[in-house]
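Trainee: I'd like to ask some things about the structure below.
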Amino acid sequence: GTRILADTLCEFCSDITSADSSEQQTNKAQRYVSLGIQRFHEHIKAIIKRDADAGIHTDKRAFHCTMVAWLQTPGGAFIAQVGDSVGLSTRFDWVDQAGKDQADFFPDGQYTLHDVERGEYANETHFITEPDWRAHLRIHRLPEQIDAIALMTDGAMDVVMLRGRVFRGFLSNLVGKLMATPDATARCDTIHAWLGSPQTFGVTGDDKTLLMAIRQDHMTAFSRQPIYLGPPPPPPAP
C-alpha cells in the first residue's frame, strides 16, 4: 500500500506547477493531493478485482497505510498528512557556547512538528484506505524560510522526539553525520543504521521510516561544524 501510494502521489502531483496560478495555493495543494489519493484508490480496486478474477481473495486492509507528503510548489511548500505519520520543518541557527559558535539544527521556536492525528485508542490511527479519508486529510503550509524537512512514521517520531520536543541527541547528531557524508547511498545507509540500532528497540517496537531533506547550500556551510545539543543537564542534587 505504501509503495503504491508513494508512486501514485509522486507521479500525479509532479505537474502541480502547471495548475492555474490564480487558484489559492493551499486549495491547490489539497485538490492535487486529493486527486492523487483518489487515483491510489482506483489502483487498489483494480488490484483487488484482478485477484478476484484469478480466484484470489485480497482484503483491502492489506493496503492500509498512513501518509505524510511534502509538496514544493511555486506558491510555497506544504505538508499533506493522513494519520499519525508526521512532518517536521526547521530553520538552522548558530548558538554561542563559551565564545564558540555551534550549529543548532532545531532552534526553539524555529522548528514545527506538523500535526499528529491518532485514533481514539492507543496504537490506533486513521488509514488512507478508509472511506472517510477526506475527513482526516490535513494540509499545512510551511514557513517561507526553511532549511530542512523530515518526514517520518510515528515509530521514528518516538525516537527523534522526547516529551514533545526534538531529541537533539539523536536527530541533531544524525543531521550532522549526514552533512559530513558526501555520498547519497552512504547517507541512506546511515539513516537505516541509526534507526535500526538496538538502542531504539526500548523506545518503540513500531516500524521506523525517516526521510530527511536538507538545503544543498547548507550541506556545505554547516558541514563538520560543532553541533549544539541543547543546554547542559542540571548538576546532581547534593
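Throughout, read-outs are computed from the coordinates displayed, never taken from laboratory work. Computed from a prediction, not measured in an experiment: that's the story for all the values here. So basically every Cβ, Gly included, is an ideal-geometry build from the backbone, and we count neighbours across all protein chains shown.
Trainee: Which one of SER197, ILE48, VAL166 is farthest out on the positive end of the charge dipole of the chain, using unit charges on Cβ (Lys, Arg +1; Asp, Glu -1) and the Cα centre as origin?
Mentor: Farthest along the dipole direction, towards plus: SER197.
Trainee: If the chain between ALA180 and GLN225 were fully stretched, how many nm would it gain, using 0.36 nm times the residue separation less the Cα-Cα distance?
Mentor: On the way: separation 45, 0.36 × 45 = 16.20 nm, distance 0.92 nm.
Difference between extended and current length: 15.3 nm.
Trainee: If you don't mind, there's one more thing I want to ask. Just going by the charge dipole of the range 137-230, with Lys and Arg at +1 and Asp and Glu at -1 on Cβ, which of ALA213, LEU151, TYR228 is farthest out on the positive end?
Mentor: TYR228
Trainee: With charges only on Cβ, +1 for K and R and -1 for D and E, what is the dipole size of the chain about its Cα centre, in debye, rounded to 20?
Mentor: With Lys and Arg at +1 and Asp and Glu at -1, about 140 debye.
Trainee: List the trypsin sites (Lys or Arg not before Pro) within the range 168-214 that DSSP assigns to loop and that have no more than 13 neighbouring Cβ atoms inside 10 Å. Write down the numbers at each step before the final one.
Mentor: Values: sites: ARG168, LYS177, ARG187, LYS208; in loops: LYS208.
Of the trypsin sites (Lys or Arg not before Pro), not one in the loops of the range 168-214 has a Cβ with at most 13 other Cβ atoms within 10 Å.
Trainee: Considering the dipole of the chain built from charges on the beta carbon (Lys and Arg +1, Asp and Glu -1) around the Cα centre, which of VAL175, GLY109, ALA80 is farthest to its positive end?
Mentor: So the residue we want is VAL175.
Trainee: Let me ask something additional. Pull out the extension gain between LYS60 and CYS188, defined as 0.36 nm times the separation in residues minus the alpha carbon to alpha carbon distance; nm, one decimal.
Mentor: Working: separation 128, 0.36 × 128 = 46.08 nm, distance 3.10 nm.
Stretched fully, the LYS60-CYS188 segment lengthens by 43.0 nm.
Trainee: Rule-of-thumb check for the chain: C-alpha Rg over 2.2 N^0.38 Å?
Mentor: On the way: Rg = 19.9 Å, N = 238, 2.2 N^0.38 = 17.6 Å.
This ratio for the chain stands at 1.13.
Trainee: What's the longest uninterrupted piece of the chain once you rule out the GluC sites (Glu not before Pro) that are loop residues per DSSP with at most 14 other Cβ within 10 Å?
Mentor: Working: sites that count: GLU23, GLU120, GLU124, GLU144.
Of all site-free stretches, the longest is 24-119.
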